[in-house]
Amino acid sequence: MKKFLAILLALSMVLSLAACASTDNKATEAPTEAATEAPTEAPTEEVTEAPTEAPTEAPTEAPTEAPTEEPTEAPTEEPTEAPVVPMTHAEYIAAELDSEVCVETYVQAHQSWWDGKITVYGQSEDGAYLMYNMACAEEDADKLVPGTKILVKGVKSEWSGEVEIIDATFEIEEGSFIAEPTDVTDLLGKEELIDHQNEFVSVKGLTVEKVEYKNGEPGDDIYVTFGLGELTAEFCVEAYLTGPDTEVYATVGALNAGDVVDVEGFLYWYNGANTHLTKVTVVTPAPAEEAAKIPVKVYNNKNATIEVYDYNKDDASTLENTAESVTVGNCLAVKVTPAEGYAVAHVRVNSKSVEDNENGYWLVEAKEGTNKLAVKVLLTDAEETAAEEPATEEAPAEEEAVVVESVPEEEAAEEPEVEETEAEPEEPVAEEHVPGLITKVALVTDVGTIDDESFNQACWQGVKAWCEANGIEYTYYQPTEDSTDARVLSVAQAISEGANVVVMPGYLFGATVLTVQDEFPDVYFIAVDVGAGDLTLDYVDYYDPSANVACLTFSEEQAGYLAGYAAVKEGYTKLGFLGGMAVPAVIRYGYGFVQGADAAAKETGAEVEINYTYGGQFSGSPEITAKMEGWYQNGTEVVFACGGGIYTSAVEAAEKNNGKVIGVDVDQSYISDLIITSAMKGLQNVTESLLESLNKGEWETYGGKVSNFGLLEGEYVGLPTETWSLENFTVEDYEAVKDQIKAGEIEVSNATDAMPEVSITVNEIA
């Protein structure tokens, strides 16, 4: 029975598609002359409207189906073929990806028209659709008002979870329908929510947590984080849909944390629900008193009593060793009473030091817009003078010998389990770094997540694999925002919950390392992709890692070289490099890619051209996707996408333009068949190796150093030979060039100050 139904469904889809094809290029008037022969060429694209005048000659483009014989006279009415039978929404959902589809729907909204294309949100009574970059003449865009019925033909596709119709054309039909929003409040966080993908929906009772403008200022998209009970939801004001001149854009821009709102919008899907908002209604504004409060966390140990006061309160009520809220004023006051034998080295709020006002209180400025304050205290031996310490606070390496301990409390309400209260204050911290067994490992993510298909995920896999093999507890923490303060708080939380090893992947952890390395001397930190140039607080002064920190970098230039060399040897001559942010690791990948392509071009005699650009971010965007589409349409064959999630734009553009992509950091072949290979570095292997070295008592090999890993050190960079789709460039070719690098016969420059001098053409594009 199931087999019969499957056959019946397939037959239905074939008939439907055939029917769709039969209605293309319908003329409103009969031609004046009969066609004398079948046209010689197939149409390059479908028209959206019938011509207004009858042609005077035989058509130059062929109909979608060749006639069985020459017509004897011009047709005077619609063809007699089977009428169009669009798919139902259920049939559309059941259709295979990359298959041709034909649906009937009603326009609910559309993004702005551009370059002959328009993105339309459509919905019928049985379900919704998104038509991405549908072919549309500029004059026809104004006809797509809400409620307009359209017949759409295109290809079913998927990008990051969003199922959409691409390469689409449309015809306007008689009829009208405006969807009412479906309340999906109770479905947030549930699998069933995806059943309403692209529908016009409403969600009620959301609490505003954070509002951020893309690129930091109004004019582009707005990202909004909402809370609903224990759930967190990320919604978006899409500038191409509801731009800065719309009411919803202004309303969202004026939201405050704590506002309770009802929202409406289209349930777009980007790695999960990411509703495109069209209406926001403030139900309950955030109480003024609550909006003007700052949560204060106190990071303390048993060797000091810390009291936090609202300096402007008459009663100076105490917030002792707890995370509470205090009213924002000009300043707060922190009073520190050290235990016998200890003295205050300095008081740090977030990552900045504050000065003693000579009355036993440390004054803390509380600026408007501050989300939270973290008060941390460092102690010294009582023989040390507190006056000397602030001067050395900015030099972490010198401070190491005088810091006794400073382990944060969990929400400052419980004593941390990892605290060691018996340490001798006079004993230098550097001598206390004695290797021991790992008790718990924590990973704190960078701007990505543990499933970002890049370096966070690779390092997490290393932590997971080693800990499971050795029976060690492990977990991860994701900072609440992209800031050093947030990363420091996550590290402190991990330590307060028992971690004595913290893995930090990404160059952005440089300032975090300097902030935590001496505050937690008994904790080991593995900083992956953190180099000497990242160990700074102000990009003026640079410091060495302390003995409890191992900084690990890679020879990305070697991996990039192999990718560029392989691409040209494979036969590609029109290449592209799409970097994320122009940070050293990304630059090394890119410059290595250029060097490798140049070397292969010299060997083959090929004329090679590379388009080279940075996206300025580690994520994809419609703007970056559009740029990549332009590259592919102008002849670029393969793009090396280097920089976290920015690969999504390259892959999306490649899928729509028959292009290819080279992945980065890890083997990304599973993401798309269009990824021909990946320039990898051994993030997982290095993470596992460092954990093993620490557990074996071999930490001194890496502790207090910046260690680099490449082909000279082992198999730490390379290409995935088992999964690549290269045919002309063989594994033997690959091993040969790799051996040359290992032997020093090929030297790949790791300089990042200027584009390497090469004989091929490199177009650096802003």
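Computed from the coordinates by the stated procedures, all read-outs in this text should not be read as laboratory data. Computed from a predicted model, the values in this text were never measured in an experiment. Don't worry about glycine lacking a Cβ; one is built from the backbone with ideal geometry, like all the others, and counts go over all protein chains shown.
Using the C-alpha gyration tensor of the range 89-176, what are the square roots of 5 times its eigenvalues, in whole angstrom, with the largest one first?
After diagonalising the Cα gyration tensor, the semi-axes are 19, 15, 11 Å.
Quick one: plug the Kirkwood hydrodynamic radius of the range 717-763 (C-alpha pairs) into Stokes-Einstein at 20 °C, 1.002 mPa s, and report D in µm²/s.
Roughly 163 µm²/s, to the nearest whole number.
If each residue's Cβ is checked for other Cβ atoms within 10 Å, how do F170, F593 rank with the fewest at the top?
Starting with the residue having the fewest Cβ neighbours, the order is F170, F593.
Round to the nearest 0.05 the FRET efficiency obtained for E209 and T246 when R0 = 25 Å and r is the Cβ-Cβ distance.
0.65
Which order do I760, I526, I765 fall in if you start with the one that has the fewest other Cβ atoms within 10 Å?
In order of increasing Cβ crowding within 10 Å: I765, I760, I526.
Give the value in nm², to one decimal: projected area of the alpha carbon convex hull of the range 481-533, averaged over all directions.
3.4 nm²
Taking 0.36 nm per residue of separation and subtracting the Cα-Cα distance, what length does fully extending L437 through E735 add? Spell out each step's value before the answer.
Working: separation 298, 0.36 × 298 = 107.28 nm, distance 3.83 nm.
Computed gain between L437 and E735 is 103.5 nm.
Amide H of V664: which non-local residues (sequence gap of 5 or more, or other chain) have their own amide H closer than 5 Å, using H built in the peptide plane?
A679
Using a Förster distance of 56 Å, how high is the FRET efficiency between T536 and K117, based on the Cβ-Cβ distance and rounded to 0.05?
Calculated value: 0.80.
What nm value, rounded to one decimal, do you get for the distance between E747 and L712 when each label is placed 7 Å out toward the C-beta?
Simple spin-label model gives 1.0 nm for this pair.
Among S546, S759, S689, rank each residue by its count of other Cβ atoms within 10 Å, from fewest to most, as a rough exposure measure.
S759, S689, S546
Given contacts defined as C-alpha pairs under 8 Å and at least six residues apart, what's the relative contact order of the range 547-673, whole-number percent?
Over the range 547-673, the number comes to 27 percent.
For the range 614-708, go through all pairs of different Cα atoms, get the mean of 1/r, take its inverse, and jot down that Kirkwood value in Å.
15.0 Å
Using each residue's phi in the range 268-281, evaluate 6.51 cos²θ - 1.76 cosθ + 1.60 at θ = phi - 60° and report the 3J(HN,Hα) Karplus result to the nearest Hz, with x for Gly and Pro.
Karplus-based 3J(HN,Hα) across the range 268-281 equals 5, 10, 9, 6, x, 4, 9, 4, 8, 6, 10, 7, 9, 10 Hz.
Calculate the spin-label point distance for E722 paired with K279, positioning each point 7 Å from the Cα along the beta-carbon direction, and give it in nanometres.
5.4 nm
Averaged across orientations, what area in nm² does the convex hull of the alpha carbons in the range 182-289 project?
Mean shadow area of the hull around the Cα atoms is 6.7 nm².
Order of 156-166, 243-253, 619-629 by packing, highest average Cβ count within 10 Å first? Could the numbers behind the result be given before it?
Values: 156-166: 18.5, 243-253: 15.7, 619-629: 20.2.
Descending packing order for the listed peptides: 619-629, 156-166, 243-253.
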